[in-house]
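Data block below; observations after.
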Amino acid sequence: MFSERMFQLGSRRSSIRELFEYGKMRAELVGRENVFDFSLGNPTVPPPEEVKDAIINIIENSDSVAVHGYTSAQGDASVRARISEHLSRKYRLSVSPDRIYMTCGAAASLVISISALRYCDKDEFVAVAPYFPEYKVFVEETGAAFKTVEPDYANFQINFDSLSEVVNENTRAVIINSPNNPSGAVYREETLRNLADFLCVREAEYGHPIYIISDEPYREIIYDCGEYPSVMRYYSDTIMCYSYSKSLSLPGERIGYIAVSDNAKDSSEIYAAVCGAGRAHGYVCAPSLFQKVAGEVCGIHSDIGVYRKNRDILYNGLTDLGYSCVHPDGAFYLFVKAPGGNSISFGKAAKKRDLLIVPGDDFGCPGYMRVSYCVSTEMIKRAMPVFKKLMEESCSDNIGQ
Ligand code: PLP
């Protein structure tokens with residue numbers, strides 16, 4: 001006997017992973033150079049040199065038992081102190097070391113944060129579309145209901161009319177992700193202020209806090225919008241889920257953290273619940289060596305020059321071909337309207353030409369396609385004729401209808 005739910009989850013890959021595995025299979029059959037794989041958000045820029053230097057320095061100059069041994073369940077105290085300092089210096093946030101919990105990337109941060117906020121059977125967690133598809137898995141695993149806010153199609157900020165309909169007295173938290181996967185939108189300060197004002201009103205109306213879970217793995221990957229606007233500055237009932245997967249190109253090392261604002265309602269109880277959820281899910285003591293690396297390289301991130309260049313080539317190239325998409329200010333995704341409007345059939349037509357792009361349906365945004373541009377610039381250039389052909393076919397009504 002086994003869990004039917006876990007069986008289902010394990011038997012069916014996410015649509016992103018499915019395409020990625022398909023791409024690997026096709027590369028073996030037809031040659032890597034003939035597959036245009038834009039499916040996964042796996043950084044292609046190497047980690048900064050400082051990461052290698054930190055690893056060598058830690059390994060050569062520290063006691064190896066301590067380097068590889070368990071840290072405190074919530075993470076090494078000196079690492080948490082450095083992160084706390086960094087959040088204060090760079091973003092003017094008030095998060096003491098005793099409100100930071102080291103985790104295995106953003107996924108673990110989200111699972112822990114959602115579990116920590118679970119209160120009763122009626123709980124609902126709200127995600128703003130377009131959203132990372134795993135949110136649904138993480139929320140439903142706790143037994144809570146997963147609710148979604150309609151996308152703001154004009155610019156992929158927040159659709160406040162829809163938010164206002166979805167949030168109710170059972171809402172425990174609103175999950176946001178900026179810079180956004182898949183749209184590349186970065187929430188403007190005005191959007192965050194409006195979100196904060198809206199939730200303050202609802203908190204007062206319902207007589208209990210509604211937290212923001214802010215999923216921030218792309219925080220440092222912003223191109224044109226200056227300083228990153230941190231939602232915690234505008235709304236203290238915020239739990240930040242951070243990861244070094246993208247900012248330091250370390251997705252395989254599984255390292256990140258949760259930060260609970262010092263000024264959040266029930267801040268110390270929420271943090272204790274985070275520690276409890278970390279314990280219950282077996283996420284105590286995140287990878288020891290990489291906690292220490294994270295502490296040493298605080299404030300440093302991978303060179304995003306290649307992503308910017310890729311974005312410009314892809315955005316300009318696709319819009320010149322007649323594709324429509326919102327100009328992305330961050331992350332490394334372009335969210336393109338499927339010509340003809342049907343993302344599933346357009347995705348299938350692209351797949352036939354070994355061009356792998358992810359339909360927006362699982363992101364809560366049917367009719368759109370995610371094109372991940374953390375790939376080689378050269379592959380983007382080679383893929384342009386395929387995008388052109390697909391657009392021509394869709395114009396002659398062959399696909400996407
Ligand atoms: N949240 C978003 C929006 C993501 O895009 C990803 C990964 O692509 C994650 C969370 C999970 O990140 P991690 O690899 O750090 O667990």
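The values are calculated or read from the model by the stated rules, or taken from the named source; none is laboratory data. As the structure is a prediction and not an experimental result, all values here were calculated from the model. Note that each Cβ is placed from the backbone with ideal geometry, even for glycine, and that neighbours are counted across all protein chains shown. What goes into the accessible areas is simple: the full protein's heavy atoms, side chains included, and nothing from ligands, DNA or RNA. Shrake-Rupley method; radii C 1.70, N 1.55, O 1.52, S 1.80 Å.
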At the level of C-alpha centres, the distance separating segment 171-196 and segment 92-130, in angstrom, is 15 Å
Sorted by chain and then number, the residues having a modelled amide H within less than 5 Å of the amide H of Q157, at least 5 places away or on another chain, are D152
Expected unfolding gain across N263-I313 under the 0.36 nm per residue rule, minus the alpha-carbon gap, is 13.7 nm
Given Cβ charges of +1 for Lys and Arg and -1 for Asp and Glu, the option among A116, C104, Y206 whose Cα lies farthest towards the positive end of the dipole of segment 69-296 is C104
Descending packing, highest mean Cβ count within 10 Å first, for 330-338, 150-158 is 330-338, 150-158
Per-residue ellipticity at 222 nm attributable to helices in the chain (runs of n ≥ 4 DSSP H, -39500 (n - 2.57) apiece, nearest 500 deg cm²/dmol) works out to -13500 deg cm²/dmol
Over segment 69-296, with neighbouring protein chains present, the accessible area per residue in Å² at probe 1.4 Å is 36 Å²
Of all DSSP beta bridges with both partners in the chain, the antiparallel percent, nearest 5, is 50 percent
Once all protein chains are kept in place, D262 shows an accessible area at probe 1.4 Å, nearest 10 Å², of 50 Å²
Under 5 Å from the placed amide H of S302, counting only residues 5+ away or on other chains, we find L248, S249
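Dipole size in debye (nearest 20) for segment 94-228 around its Cα centre, Lys and Arg Cβ +1, Asp and Glu Cβ -1?
Using Cβ point charges on Lys, Arg, Asp and Glu, segment 94-228 gives about 260 debye.
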The simple spin-label model distance between M384 and R17, using points 7 Å out along Cα→Cβ, in nm, is 3.6 nm
Between H327 and K351, the two model label points (7 Å from Cα along the beta-carbon direction) sit apart by a distance in nm of 3.4 nm
Diffusion coefficient in µm²/s returned for the chain by Stokes-Einstein, Kirkwood Rh over C-alpha pairs, 25 °C and 0.890 mPa s, is 112 µm²/s
If amide H atoms are modeled at 1.01 Å from N in the peptide plane, then the residues at a separation of 5 or more from A127, or on another chain, having amide H under 5 Å from its own are K147, T148, V149, I175
Diffing segment 357-368: the Karplus 3J(HN,Hα) column from phi (6.51, -1.76, 1.60, θ = phi - 60°), in whole Hz with x for Gly and Pro, holds 10, 9, x, x, 3, 5, 8, x, 9, x, x, 10
Residue separation between L9 and V201 times 0.36 nm, minus their alpha-carbon distance, gives in nm 65.4 nm
Extension length gain for H68 and C395 (0.36 nm per residue less Cα distance), in nm, is 111.9 nm
Here the tail fraction of P(r) beyond 16 Å, over all Cα-Cα pairs of segment 166-238, rounds in percent to 48 percent
